[in-house]
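Scroll down for the structure; my scribbles are underneath it.
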Amino acid sequence: MNIWVDNQVLPNDRVYFRKKFVYNGGLLTAVKIATDGKYWLWLNNELIAAEGGLNRGPAPADGYYDEIDLSDKLIFGENILAVSCWYWGNGGRNNVTSGQPGLWVAGITKSDENFTCLRPVAFQPAGKPDPSYLYGGHNTRYDARGGISGWQEAGFDDSGWTRAIAVDDTPWGKMIRRPIPMFRFTELRDYVKLETGIKNGAKTVTAVLPYAAWIFPGLSVTASGGELIEIHTDRLIVNGGPGEESDTYFSQRCEYAAKAGSQAFEFEHGLYGEKVIYTMPSNVKVNGFFYRETGYDCGFDGSFVCGDPDLNVLYEKCVRTLYICMRDNFMDCPDRERGQWIGDASTQVPQVFYCLSAESRSLVKKMIKEFVDWKDGDILRGLVPGEHCLEIPGQSLNAISSVGMIAEYYKNTGEKDVLDYAVDAAEKYLLLWETDGDGLVIARKGGYLWHDHGKNVDIRILENCWYTLAIDFVLGIRENQKLRERKASIAENFNRVFWKGGKYSDRFIDDRANAMAVLAGFTDKEKNVGVIEVLKTVMNASPYMEGYVLESLFRMGCRAEAMERIKKRYLPLIKNENSTLWEDFHSLGTRNHAWTGAPLTLLCKWVVGFTPVKPGYDEFLLAPDPGGLKIEAAIPTVKGKVTIKTDNLSLRMEKPANMKGTIIFNGIRREVEESETAVFVQ
């Protein structure tokens, strides 16, 4: 059953729970646990889960529960389970709220009236400004004068606490087991350095992190009592995206009201940034500041190092950007929205397979299931899950295209069940489109007619290209005569309508539209000449579409032009001080945006030259094009890690024994057998 301290429904509510239970050595050693919001879990005073729980939304009315193995943490006899629950009571682009707080526990023990509980008075409403409405959660204020210490310990006296009561569990809907790992967290750490200053008469300490990270901030101070310490990161104020630069949004922050004397405290609140700013009255003595890093539990198993320092920096920033945008979902950015925009995520997915360990793939599969399960009738919505979900046809077409997130997942894993899960929804969605008198599809407005930020977006061309690639995805799985006829109609009329004066144009001369015509298969060698000239001079694409522009250049065999464009467009992002990639090339929105990381994929796929030929790497192709660079790379495939060293003169590959494929290098073609683990070509 679900339990809570009372029947009140209060937004931004915190409740502590404790329960003693006996472990007699039985086989049952796991705890299942869920709450609407987040929780922190201790067993025998040891922190087991920090920011446990997933944002709601496997389907619109359902939620997730965690299952945690405690086998190496339990002691024979009496154990004490302590849980701190944070009920948000709000949603956004990353979450929905059930409207019902509660704690559910099963397994080694269960949620019942034997839990004691308390709503601690130390947690109070924080001052202004409130955080953005775009994602769930609140600011946190903790008043240490009303704080309770040691409440997670076995010997703590909770005789004054109340017994938990049962609350309604129907608003929670179905509870689905968490499909991704629990978030990892580190030991308490010192910051890289502390920089002290004065601002508006108050003392400030800027605590520098080693890189952009999610952290739980902490402090150790001596105070007279009542002094207010404010804590936020360097991402407190964030601008809107391209076209919305004048809009500003506040991210979350923490407040600490000190008690008299020396004290230390760690916030149960994840913040994101590269620096943490502590602001306090001048009489507060700083004994130390610290943090605990938290993040998605996966390894950085891939690598790329070459003779060009700029490309090395770009690769590392891509990795950090990707990782920071992985938590409950694949978010666009951690400091403004945290929305799982499905088109943005399609640029993230191939990066996952080139640089992160196997645990990361669970988040991709979770996203695919949510994308399908959040459909509205036959409409596939492009921003899910969350209270602000809507249809963005350009993004949904991307997701179900032959270059989108579902196809990329299958290509890299060979798990056909994702295709079976998605194909019905994709097929029905494509049948919603209508055609015009030219035999082409009409751009579907949906909730937001969008293919990219920026100027001169040639929507009609882009819609027909993405639609064609989505048909290719469906027809690659099953036959549909109506879709086949529609593809034939588009193929017959596309060049007649759009090829004008040696380039593709409907309303504009658009680099995105010309590139997508290549990817959708509408060009030939003659037309490629005109497209290449457009892509050498027109640079309107945002980082979201830039990856597809560069992909088209590589596909046309224009490595030099592609690499020149990468250096030209990404140089401001390479040279800035941030460890992550901006939302735009020049007009800065957020300083960590998921859609900007496509160069990681391109460097691995086209410069290192490694890609699966058959799903799940049953066959691979290695065709390096180092262009004079000395390159060392590691790629974590589903069959095991592959390492590649190459320059213009030689190539060395080490691979698992269960992989076969083809190497093409300097005009030499070499078939590689499964049994070979090391291959050298000169």
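The values are calculated or read from the model by the stated rules, or taken from the named source; none is laboratory data. Being a predicted model, the structure only gives us computed values, none of them experimental. Cβ atoms come from the backbone with ideal geometry, glycine included; neighbour counts cover every protein chain shown. What goes into the accessible areas is simple: the full protein's heavy atoms, side chains included, and nothing from ligands, DNA or RNA. Shrake-Rupley method; radii C 1.70, N 1.55, O 1.52, S 1.80 Å.
Below are the figures for this structure:
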{"quantity": "Simple label model, 7 Å out from Cα along Cβ direction - N495 to A657, nm", "calculated": "5.0"}
{"quantity": "Among T109, N578, T97 - extreme Cα towards positive end, dipole of the chain, charges at beta-carbon", "calculated": "N578"}
{"quantity": "About the Cα centre, charge dipole magnitude for the chain (Lys/Arg +1, Asp/Glu -1 at Cβ), debye", "calculated": "740"}
{"quantity": "Amide hydrogen neighbours beyond the local backbone of I229, cut-off 5 Å, H modeled", "calculated": "Y256, A257, A258"}
{"quantity": "Of K317/K567; K20/K73; K411/K503; K19/K73; K20/K110; K411/K630, those spanning more than 21 Å from alpha-carbon to alpha-carbon", "calculated": "K411/K503; K411/K630"}
{"quantity": "By average C-beta atoms within 10 angstrom, highest first, the peptides 327-333, 447-453", "calculated": "327-333, 447-453"}
{"quantity": "FRET efficiency, D247 to V313 (Cβ-Cβ, R0 25 Å, nearest 0.05)", "calculated": "0.25"}
{"quantity": "Residue-normalised accessible area of region 594-643, expressed per residue, 1.4 Å probe, Å²", "calculated": "29"}
{"quantity": "Accessible area (Å², per residue) of region 284-426, counting only protein heavy atoms and a probe of 1.4 Å", "calculated": "24"}
{"quantity": "Options W172, T196, A264, ranked by Cα towards positive dipole end of the chain, top entry (Cβ charges)", "calculated": "T196"}
{"quantity": "Spatial separation of Cα centroids for region 623-677 and region 336-415, in angstrom", "calculated": "29"}
{"quantity": "Carbon and sulfur %, accessible surface of the chain computed with the full protein complex present, 1.4 Å", "calculated": "49"}
{"quantity": "Length released on extending from K525 to S675, taking residue separation times 0.36 nm less the Cα-Cα span", "calculated": "50.1 nm"}
{"quantity": "Stretch in the chain that is longest and holds no GluC sites (Glu not before Pro) that DSSP places in a loop and that have at most 10 other beta carbons within 10 Å", "calculated": "188-433"}
{"quantity": "Expected 222 nm ellipticity per residue - DSSP helices of 4 or more, -39500 (n - 2.57), all of the chain, to 500", "calculated": "-7500 deg cm²/dmol"}
{"quantity": "In sequence order, calculated HN-Hα J values of region 432-440 (Karplus, 6.51, -1.76, 1.60; Hz; x Gly/Pro)", "calculated": "6, 6, 10, 10, 10, x, 8, x, 10"}
{"quantity": "Backbone N under 15 Å from the T29 label point (7 Å along Cα→Cβ), restricted to region 79-113", "calculated": "108-109"}
{"quantity": "Solvent exposure, largest accessible area first (probe 1.4 Å, DNA, RNA and ligands not counted), of D157, D335, D438", "calculated": "D157, D438, D335"}
{"quantity": "Fully extended contour minus Cα-Cα distance, from F76 to V192, at 0.36 nm per residue", "calculated": "37.6 nm"}
{"quantity": "Probe 1.4 Å, accessible area per residue of region 63-147, Å²", "calculated": "36"}
